[in-house]
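For reference, the structure is listed below as structure tokens.
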Amino acid sequence: MDYRQPKPRKSQHARIVHELGRLIVSGRLKPEDKLPAEAQLCEDYDVSRTVLREATRVLVAKGLIYSRPRVGSVVRARRDWHLLDPDVLHWLMQSSPPNEFFDKLSSVRCIIEPASAALAAVNATPEDLVSIAEAYTRMEAAKDPESFLQPDLDFHSRIADAAHNELLAHLCNMLSLALRESVKYSNQRPNLHELALPRHKAILTAIQNRDTLGARHASLVQLEDARAALSAVLGADFPL
């Protein structure tokens, strides 16, 4: 279930997960803090104990709390949170300054994406190469940052798929929400096409040529450019 934008007709279960999750991830409820008593939460949300317990089980599954008899529900240490869970990641983005969050994401991308590109240069099938090239062609044809966004995301996700490593593809997929937000920001930089397209084309060409080192290097160059774009958009507070 997607708790990021609960619809009015959705159950109170979704609302409880969303609101308590945000309180925890934002730091308003701190590690080792107890959630309000079950009876109080049932009254606040006007729900039964059954509904409340279903919601707390979701928060337990996301690593945000633990529940014990005669203790109640307690916030877990941040290191125990499932940070790649899409909802936890969304709450983290909502509660963190953009420069701080995107700096961490950029560092992770610099570890993952060059490796994906290098593997794609080795493992991509002819169909994969056509698919990556098709995404790049749509990037070239895009008229504005809004229409550039989805082809850009497709380009990177198809490279991850072309690596043919299920664990790596799953990890990239878990980060897709955060990547979308990051690319939205970086694509606001002026001269988007002139600056971004040659760097993406270099990745594509290296993969097509089965050039592992070239693909890795081209990906790193593109990511450094993305970091520079974020710096230009977010200002001096974003570290290069």
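The values are calculated or read from the model by the stated rules, or taken from the named source; none is laboratory data. Given the structure is predicted, the values throughout are model-derived calculations rather than measurements. Virtual Cβ from ideal backbone geometry, glycine too; neighbours counted across all protein chains shown. All accessible areas refer to the heavy atoms of the entire protein, side chains included, with ligands and DNA or RNA removed. Shrake-Rupley method; radii C 1.70, N 1.55, O 1.52, S 1.80 Å.
What to note about this one:
- Choice from Y45, Y185, Y66 with maximal GNM fluctuation in the chain (Cα, 10 Å cutoff): Y45
- The gain in end-to-end length when the V71 to Q150 segment is fully stretched comes to 23.8 nm, 0.36 nm per residue minus the alpha carbon separation.
- Averaging the sequence gap over all C-alpha pairs within less than 8 Å and six or more residues apart, then dividing by the number of residues, gives the chain a relative contact order of 19 percent.
- Neighbours of D225, meaning other residues whose beta-carbon lies under 11 angstrom from its beta-carbon, give a summed charge of +2 when Lys and Arg score +1 and Asp and Glu score -1.
- List T212, T50, ordered by accessible area with a 1.4 Å probe, largest first: T50, T212
- What the Cβ-Cβ distance of S11 and T212 gives, at R0 = 45 Å and to the nearest 0.05, is a FRET efficiency of 0.35.
- Axis of helix 12-25 versus longest Cα principal axis of the chain: the two differ by about 70°, to the nearest ten degrees.
- Largest-first principal axis extents of the Cα set of the stretch 146-240 (Å): 37, 27, 26
- The stretch 105-240 - percent relative contact order, Cα under 8 Å, separation 6 or more: 35
- Model label sites at L195 and R138, defined 7 Å from Cα along the beta-carbon direction, differ in position by 2.4 nm.
- Label-point separation, A61 to K184 (7 Å along Cα→Cβ), nm: 2.6
- Long-range Cα-Cα pairs in the stretch 12-80 (distance over 14 Å), rounded percent: 53
- Length added when fully stretched, D46-T205, from 0.36 nm per residue minus Cα-Cα: 51.4 nm
- Based on protein heavy atoms only, the stretch 119-204 ends up with 50 Å² per residue of surface accessible to a 1.4 Å probe.
- Size of charge dipole - the chain - debye, nearest 20, with Cβ of Lys, Arg +1 and Asp, Glu -1, no other charges: 800
- Length-normalised contact order for the stretch 70-182 - Cα pairs under 8 Å, 6+ apart - percent: 33
- Computed over neighbours whose Cβ is under 13 Å from that of S106, the net charge equals -3, Lys and Arg +1, Asp and Glu -1.
- The helix-only estimate of mean residue ellipticity at 222 nm for the chain, built from DSSP H runs of length n ≥ 4 each weighted as -39500 (n - 2.57), is -22500 deg cm²/dmol after division by the residue total.
- A compact globular protein would have a Cα radius of gyration near 2.2 N^0.38 Å; the ratio found for the stretch 1-143 is 1.40.
- For the chain: span of alpha carbons on each principal axis (Å, largest first): 63, 38, 33
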